[in-house]
Amino acid sequence: MKVLITGGAGFIGSHLAQRLLDDGADVIVLDNLSTGCRENISNLEGRKGFECVVGSVRDQSLVYELVEQCDNTIHLAAAVGVKLVLDKPSHSIHTNVNGTENVLHAAAVQKKLVFIASSSEVYGKSAQQLFDEADDLILGSTSNLRWSYAISKALDECLALAYNQENRVPVIVGRLFNTT
């Protein structure tokens, strides 16, 4: 099996890449190294079955080529971090939404499985202590750009489900909570 991990030089992606390699899979990591770093994957460099491509999920032709080479994709790449989201909100929105659409489009053409990493941020302002994926979302005003990340990740989920319904793309959406 060969797996593409977008955002694979980040904390979660690098650990996942190591686990997949240990389990015998081949792994291609795609990362622009804006929040991930080479240090996270330095222990994987040179391992049989490992490849790192420095590039962006916003590069549609690159994403298509890498999805084509792999059996499935784990899409972790995103513009993350409160400072980045507040300082460059349009960049963050475009990275999250366009990157996800590029991955889903490539997977649709090739009918390949995609895992889409979403975020617990989509739950918004809910005071609940236990969450369910079917809960209504309670987000703040769009005039507060802090919510742009949550909205972009919710849109990623909607895109994934739409591609599944319309194009029969096998998708799994996972809402990740903070990992520190």
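Listing for the model above:
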| item | result |
| --- | --- |
| Rounded tilt (10° steps) of 148-167 against the dominant C-alpha axis of the chain | 60 |
| Accessible surface of the chain [probe 1.4 Å, protein heavy atoms]: carbon and sulfur percent | 51 |
| By average C-beta atoms within 10 angstrom, highest first, the peptides 105-118, 12-25 | 105-118, 12-25 |
| Packing-based ranking, highest mean first, of 147-158, 67-78 given that Cβ atoms within 10 Å are counted | 67-78, 147-158 |
| Residues of the chain: accessible area per residue with a 1.4 Å probe, Å² | 53 |
| List PHE131, PHE177, ordered by accessible area with a 1.4 Å probe, largest first | PHE177, PHE131 |
| Residues of the stretch 1-23 with amide N under 14 Å of a point placed 7 Å along Cα→Cβ from VAL54 | 9 |
| Cα convex hull of the stretch 5-66 - mean projected area over all directions, nm² | 3.8 |
| Rg over Rh [alpha-carbon atoms, Kirkwood Rh] for the stretch 6-138 | 0.99 |
| The stretch 51-159, dipole about Cα centre (Lys/Arg Cβ +1, Asp/Glu Cβ -1), debye to the nearest 20 | 360 |
| Listed pairs LYS2/LYS48; LYS48/LYS153; LYS83/LYS112 exceeding 24 Å between Cα atoms | LYS48/LYS153; LYS83/LYS112 |
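The values are calculated or read from the model by the stated rules, or taken from the named source; none is laboratory data. Note that the structure is predicted; figures quoted are calculated from it, not measured. Note: ideal-geometry Cβ built from the backbone for every residue, glycine included; neighbour counts use all protein chains shown. Accessible surface areas use protein heavy atoms only, side chains included; no ligands, DNA or RNA. Shrake-Rupley method; radii C 1.70, N 1.55, O 1.52, S 1.80 Å.
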